[in-house]
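To start, the structure under review is shown below, and the notes come after it.
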Amino acid sequence: MLRALSRFFSSTLTQNKLKLVPVCCNFSFEALHPASPIMGSELYQFPPEVRGMTSLDREVFAQMVTVPALRVPKGVLNKVVKSLKKSTIHHTGVPRVVADKEESEDFRLLLLDPYRVSSPGSFSEAEAEALRSFGVAQELQDFELRMTYDNLKTEEVLEAVLPLGQDVTSGFSRVGHIAHMNLRDHQLPYKNLIGQVIMDKNPGVTCVVNKINIIDSTYRNFKMEVLAGEENMVTKVKENGVAYEFDFSRVYWNSRLSTEHQRVVQLLKRGDTVLDVFAGVGPFAVPAARSGINVLANDLNPESYRWLQHNCKLNKVTSKVRSFNLDGRAFIRGPVKEELPALLKEQAGVHVIMNLPALALEFLDAFRGLLDPELSCSQNLPVVHCYGFSKDENPERDMVERASSSLGFSLEDRCSVHFVRNVSPNKDMMCVSFTLPKEVLYSSDKETTELVNATIQEPPAKKQKCEETSDL
C-alpha cells in the first residue's frame with residue numbers, strides 16, 4: 001500500500017509525529033510528515049481529483065480499504081483488546097471491534113493496524129502468548145472498511161491536496177473560538193480549503209483567520225483575513241485561571257506568553273505595586289490584581305484600554321487597577337512620576353513591567369532623572385522587567401548592552417536576563433530584570449532631564465514595526 005494508507009491507520013505515526021502544545025485553554029499544533037512504508041497486499045491512493053483541490057469536496061475522500069482482522073470469541077474480547085492494544089486500529093471514527101462476517105453472536109472481529117500487522121508472525125511474543133492463552137486462532141481475515149473525510153486528520157487531508165514535494169507543515173494558535181494561522185506562500189492558493197479543514201477537525205473553532213502582514217501599527221494589532229467560518233472577532237479565553245474578553249482583530253494577544261505572565265506574577269507579593277507600561281488587555285495587570293497587588297496599567301491603543309477596563313470588571317478587580325490610555329513615555333513621566341515618591345517610602349515592592357518587545361528597551365531612557373535628586377533614597381527602588389527581541393548570537397549580552405545604553409548606565413553584573421521563547425529561528429524574546437539604579441532615577445543632569453522630557457510628546461502618526469512574522 002502507499003504511504004497514504006499508513007497515515008490512515010498508524011497510531012504510532014499519529015502519536016509520535018503530532019505534537020500538541022497546550023497553553024491553558026488555547027493551543028497550537030505542528031504536524032510533520034516523514035515517509036513511512038506500509039505492509040499490505042493492496043494499493044490505496046486518493047483519486048487524482050484530490051490533488052490540487054482548492055474548494056473542499058469531502059465526498060471525494062471516501063474510499064474502501066482492506067485491513068486485517070482477527071476473529072475473537074465474545075467472552076474473551078475485552079482481554080484480547082487489552083493485550084493487543086498496540087496492534088489494533090487507532091484512528092478517528094474507526095471502530096476497533098465490528099460484527100462477525102459470519103453473523104455469529106459468539107464472535108466479533110477485531111480490526112488491526114496494517115502498519116503493524118500483515119501476517120500472524122507480526123504479533124510480538126507477548127501478544128502471541130496472550131492469544132494462545134485465550135484460545136484465539138492467529139488467523140487473519142480481510143475486512144473491507146469504508147474510510148471517509150471524517151476519518152482523516154488535518155495533516156492527512158493537506159498532504160493529499162497540496163502538490164507533491166511541497167512542505168505541508170501547518171500550525172495555528174487557538175484564541176477562544178478563533179484559529180489564528182500564518183500561512184506560507186505556497187499554501188495561499190489553498191487558504192480557504194485549509195481554513196475549512198482546520199474548522200472541521202477542531203471542535204469549538206468557528207472562525208479561522210490568517211495573518212497577512214507583520215505587526216506594523218502603533219497599536220500592535222495586525223491585519224487578517226477570514227479563511228472560514230463566522231467573522232466574529234470578539235472572543236473569550238481563559239489563561240492561568242483568569243478570563244479575558246477582547247476583539248482579536250483590534251488588540252494584541254499572544255497565547256504563547258501564558259507561562260511568562262504567570263512567572264512574573266508569581267514574583268510579586270501581596271501589597272506590592274505594579275506599573276504596567278504596555279498593559280494590553282491585562283494579562284499581567286489582571287492576575288496581579290487578583291493576587292492582592294495594586295496596579296497602574298497603561299496602553300496607548302484605545303481598544304486595548306477599553307478591553308483592559310472590561311477585563312478588570314469581568315474579574316472583579318476594578319478597585320485594584322487604575323488604567324490609563326497614554327503613550328509609554330507619557331505614562332512614565334506622568335502618573336508613574338507622581339506616584340513613585342510615595343510608593344518608595346513604603347515597605348512594599350514596586351515592579352515596572354514593560355512588555356513591548358520590539359520597542360520597550362528604547363523607553364528606558366524615560367527613567368533618567370525622573371525624580372527630584374533631593375528626594376533621593378537608596379532603599380525600595382523599583383524593579384524593572386523589560387522585554388526585547390534579540391537576533392544576536394549572545395542574546396543575554398545583547399539585552400544588557402541595549403538596556404544599559406538606553407539608561408545611560410551600565411547594568412553589567414546588576415541584572416538578570418530570562419529567556420522567554422524563540423520567536424523564529426534567528427530571533428529570541430528575552431526579559432531583562434534589574435533594580436532601577438539610583439544614579440538613573442535621581443539623575444541631576446539637567447541636560448539629560450530636558451532631553452528625556454522632550455521625548456514624551458505624542459509621537460507623530462507613523463507605523464512602529466514590531467517584526468513578529470513567525471509569531472503564531
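What whole-number value in cubic angstrom gives the convex hull volume per residue for the C-alpha atoms of the stretch 274-387? Intermediate results must be reported in sequence, preceding the final value.
On the way: hull volume 10.4 nm³, N = 114.
Once divided by residue count, the hull of the stretch 274-387 is 91 Å³.
By definition, a body whose alpha carbon gyration tensor gives a ≥ b ≥ c is oblate when a/c is 1.5 or more and a/b is not larger than b/c, and the stretch 63-147 fits this oblate description. Subtracting the Cα-Cα distance of Ala243 and Asp392 from their residue separation scaled by 0.36 nm leaves 50.0 nm.
Electrostatic tally near Lys74: other residues with Cβ closer than 10 Å to its Cβ, Lys and Arg +1, Asp and Glu -1, net -2. Fewest neighbouring Cβ atoms within 10 Å first, the residues Asp398, Asp276 line up as Asp398, Asp276. Couplings for the stretch 414-419, taken from phi via the Karplus curve 6.51 cos²θ - 1.76 cosθ + 1.60 with θ = phi - 60°, read 10, 8, 10, 10, 10, 6 Hz in order; Gly and Pro are left as x.
When you filter the GluC sites (Glu not before Pro) in the stretch 230-281 for DSSP loop state and at most 13 other Cβ atoms inside 10 Å of their Cβ, you are left with Glu230, Glu231.
Where a number appears in this text, it was derived from the coordinates with a stated rule and is not lab data. The structure displayed is predicted, hence computed values, not measured ones. Glycine gets a Cβ as well: all are built from the backbone with ideal geometry, and neighbour counts include every protein chain shown.
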